[in-house]
Amino acid sequence: GDSVTQMEGPVTLSEEAFLTINCTYTATGYPSLFWYVQYPGEGLQLLLKATKADDKGSNKGFEATYRKETTSFHLEKGSVQVSDSAVYFCALSVNTGNQFYFGTGTSLTVIP
Amino acid sequence: GAVVSQHPSRVICKSGTSVKIECRSLDFQATTMFWYRQFPKQSLMLMATSNEGSKATYEQGVEKDKFLINHASLTLSTLTVTSAHPEDSSFYICSATDNHYGYTFGSGTRLTVV
């Protein structure tokens, strides 16, 4: 079945450090891939997405590239800020209108 | 952009009472809505999928008589937690789609049963 495996946290980084959160997926079809962010006490916000192989999603300095050959969608940011502290979820959806499959989430804490 | 309003954002109720959570799509017609539950430090787990005008489809292990879902219109779905108990305390999030423009999540409801 469809599933997402995400790097376990928590992750603690110093400000301006490089961030990578690994995400791999299993899907029966051709999924769209997403990264969602959940700030403390809030709901999910779409951070970025990619709908086909080799697409790169980017937003707010975060990037992730849809790698079909490695079935991965790793999240990266070159220089994290304290305001990036949140929980990050990798997710996939095979068809529009179908449900999402989420990873377990990775908690990121950025310290000054 | 598409907006989904979820209300209330926080609710505390006594054990044995029922709580209703609303999920509204403000600027689009949501043909399908999803209800998720998030346990502390865990991922979101799909509880049920609802299509306007039809009965919700519940995921395995979710008690349909305890978590009543009503998708009465193209802009409103409600989740009612009946006879709530402390183990029902959780973060509940809805998501809505019109099957064309992707998914939009609500801001979530923190339910605490005391």
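The table that follows gives values for the structure above.
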read-out: Test: residue in region B:41-51 that is open to solvent by 30 Å² or more (accessible area, probe 1.4 Å) and aliphatic (A, V, I, L, M); value: yes
read-out: Evaluation of residue B:85 against (1) away from every other protein chain (no Cβ under 14 Å); (2) buried (at least 20 other Cβ atoms within 10 Å of the Cβ) (one fails), failing number; value: (2)
read-out: Unique match (being open to solvent by less than 50 Å² (accessible area, probe 1.4 Å), within 29 Å of residue B:48 (Cβ to Cβ) and touching a Pro at 6+ places or on another chain (Cβ under 6 Å)) among A:92, A:33, A:44; value: A:92
read-out: Failed item in (1) touching a Phe, Trp or Tyr at 6+ places or on another chain (Cβ under 8 Å); (2) away from chain B (no Cβ under 14 Å), with residue A:94 passing the rest; value: (2)
read-out: Sole residue being assigned to a loop (DSSP other than H, G, I, E, B), touching a residue at least 12 places away in the same chain (Cβ under 8 Å) and within 16 Å of residue B:8 (Cα to Cα), chosen from B:83, B:54, B:107, B:77; value: B:107
read-out: Candidate set from region B:88-99 (those that are more than 7 Å from every other protein chain (Cβ to nearest Cβ) and part of a loop (DSSP other than H, G, I, E, B)); member that is modelled with the highest pLDDT; value: B:89
read-out: Single condition residue B:62 does not satisfy, out of (1) open to solvent by 30 Å² or more (accessible area, probe 1.4 Å); (2) free of Cβ contacts under 8 Å to residues at least 60 places away in the same chain; (3) over 15 Å from the mean Cα position of the chain (by Cα); value: (3)
read-out: One residue from A:5, A:104, A:65, A:70 being out of contact with any Phe, Trp or Tyr (no Cβ under 9 Å at 6 or more places or on another chain) and open to solvent by 10 Å² or more (accessible area, probe 1.4 Å); value: A:70
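The values are calculated or read from the model by the stated rules, or taken from the named source; none is laboratory data. This one's a predicted model, so the numbers in the text were calculated from it and none came from an experiment. Backbone-built Cβ (ideal geometry, glycine too); neighbour counts: all protein chains shown. Accessible surface areas use protein heavy atoms only, side chains included; no ligands, DNA or RNA. Shrake-Rupley method; radii C 1.70, N 1.55, O 1.52, S 1.80 Å.
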